[in-house]
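The values are calculated or read from the model by the stated rules, or taken from the named source; none is laboratory data. No experiment lies behind these values; they were computed from the predicted model shown. We place every Cβ from the backbone using ideal geometry, glycine too, and count neighbours over all the protein chains shown.
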Amino acid sequence: MEVRISARRTEISPRLEDYTVEKVERLDRFVSGLDESDVHFVEETNPRITDSVLCEVTVQGHGHHVRASHTGPDGFAAIDGAVDKLERQLRKLKTRLIRRWHASGDEAKLSAAGVGAEEAVDAGEQPPEPARIVKSKKFHIAAMTPDDAVLELELVNHDFYFFHNSETERAAIVYRRRNGDFGLIDEAG
């Protein structure tokens, strides 16, 4: 697997580079045929942020793109967290591919997706349970401007707020970004 490493506002030591390549190349054991990966390190310059190094890893292969990011106090902790997240995602992907193969009975689809037939019939490993909805809420959606929605977002202290945009007459969401600013997702019309 080709591993490309880049950085912004930080220096990558040769030790961190070797460690990163070693960790990312091991991801190929979950789904074979991963072609390339991009690892990007960014260091926040704000001294109040304790986990100032962000690591984003994108893995590609067989038409699949899997991405994870994690912050840590240094590059080693950040890459460890990102690789842990990627491992969970790749396990889910492999399970989905195996289930699809079993449902279709077509071994060619499975090998094209990067999972060997011997991995598919491994009965010793139980697949994880599918995600399910465990809580449901209903509420009245008020018509308001995006600025009013930001005020409501701060009042309820959530990461996002769903509302009816009175300017566009469509559904919209305001959300809190990592840097403390806000974003707006508006329905296209």
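Provide a single number: the residues in region 170-180 that are loosely packed, with under 15 Cβ neighbours inside 10 Å and modelled with pLDDT of 90 or more. Even if it seems obvious, please write down each step before you answer.
Filtering region 170-180 down to residues loosely packed, with under 15 Cβ neighbours inside 10 Å leaves 170-171, 177-180.
Subset that is modelled with pLDDT of 90 or more: 170-171.
Total meeting the criteria: 2.
Among the candidates Asp84, Asp28, Asp74, Asp38, single out the residue that is in contact with a Lys or Arg (Cβ under 6 Å, 6 or more places away or on another chain) and surrounded by fewer than 19 Cβ atoms within 10 Å (Cβ to Cβ). If you could, list the steps in order and put the result at the bottom.
Values: Asp84 fails: in contact with a Lys or Arg (Cβ under 6 Å, 6 or more places away or on another chain); Asp28 fails: in contact with a Lys or Arg (Cβ under 6 Å, 6 or more places away or on another chain); Asp74 fails: in contact with a Lys or Arg (Cβ under 6 Å, 6 or more places away or on another chain).
Exactly one of Asp84, Asp28, Asp74, Asp38 is in contact with a Lys or Arg (Cβ under 6 Å, 6 or more places away or on another chain) and surrounded by fewer than 19 Cβ atoms within 10 Å (Cβ to Cβ), namely Asp38.
Here's the yes/no breakdown for (1) assigned by TED's automatic domain parsing to the domain that holds Arg178; (2) in contact with a helix residue (DSSP H, G or I) (Cβ under 9 Å, 6 or more places away or on another chain); (3) not in a strand (DSSP E or B):
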position	(1), (2), (3)
Leu16	no, yes, yes
Ile49	no, no, yes
Ser69	no, yes, no
Ala77	no, no, yes
Gly81	no, no, yes
Lys85	no, no, yes
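Kindly indicate the residue of region 31-47 that is assigned to a loop (DSSP other than H, G, I, E, B) and not hydroxyl-bearing (Ser, Thr, Tyr) and also nearest to Gln89 (Cα to Cα) among those meeting that condition. I'd like the intermediate steps shown before the answer.
Residues of region 31-47 that are assigned to a loop (DSSP other than H, G, I, E, B), as a first pass: 31-35, 44-47.
With the extra rule that they be not hydroxyl-bearing (Ser, Thr, Tyr), the set shrinks to 31, 33-35, 44, 46-47.
On the way: Val31: 11, Gly33: 16, Leu34: 14, Asp35: 17, Glu44: 26, Asn46: 31, Pro47: 32 Å.
The residue in question is Val31.
Restricting to region 87-108, give me the number of residues that are under 17 Å from the mean Cα position of the chain (by Cα) and closer than 11 Å to Val31 by Cα.
So the count comes out to 7.
Please count how many residues of region 109-167 are outside any loop (DSSP other than H, G, I, E, B), modelled with pLDDT of 80 or more and out of contact with any Pro (no Cβ under 7 Å at 6 or more places or on another chain). Lay out the reasoning, then the answer.
The first filter runs over region 109-167 and keeps only residues outside any loop (DSSP other than H, G, I, E, B), leaving 109-112, 117-120, 143-144, 146-156, 160-165.
When the remaining residues are screened for being modelled with pLDDT of 80 or more, the result is 143-144, 146-154, 160-165.
Keeping just the survivors that are out of contact with any Pro (no Cβ under 7 Å at 6 or more places or on another chain) gives 143-144, 146-154, 160-164.
Qualifying residue count, region 109-167: 16.
Quickly run through region 162-179 and pick out the residues that are over 20 Å from Lys137 (Cα atoms) and out of contact with any Gly (no Cβ under 9 Å at 6 or more places or on another chain).
Asn165, Ser166, Glu167, Arg178, Asn179
Consider only pairs whose beta carbons are under 9 Å apart and that are at least six residues apart or on different chains; among these, list those whose first residue lies in region 144-158 and is over 14 Å from Asp186 (Cβ atoms) and assigned by TED's automatic domain parsing to the domain that holds Val174 and whose second residue is surrounded by fewer than 12 Cβ atoms within 10 Å (Cβ to Cβ) and of a type outside the set (A, V, I, L, M).
Leu153/Asp159
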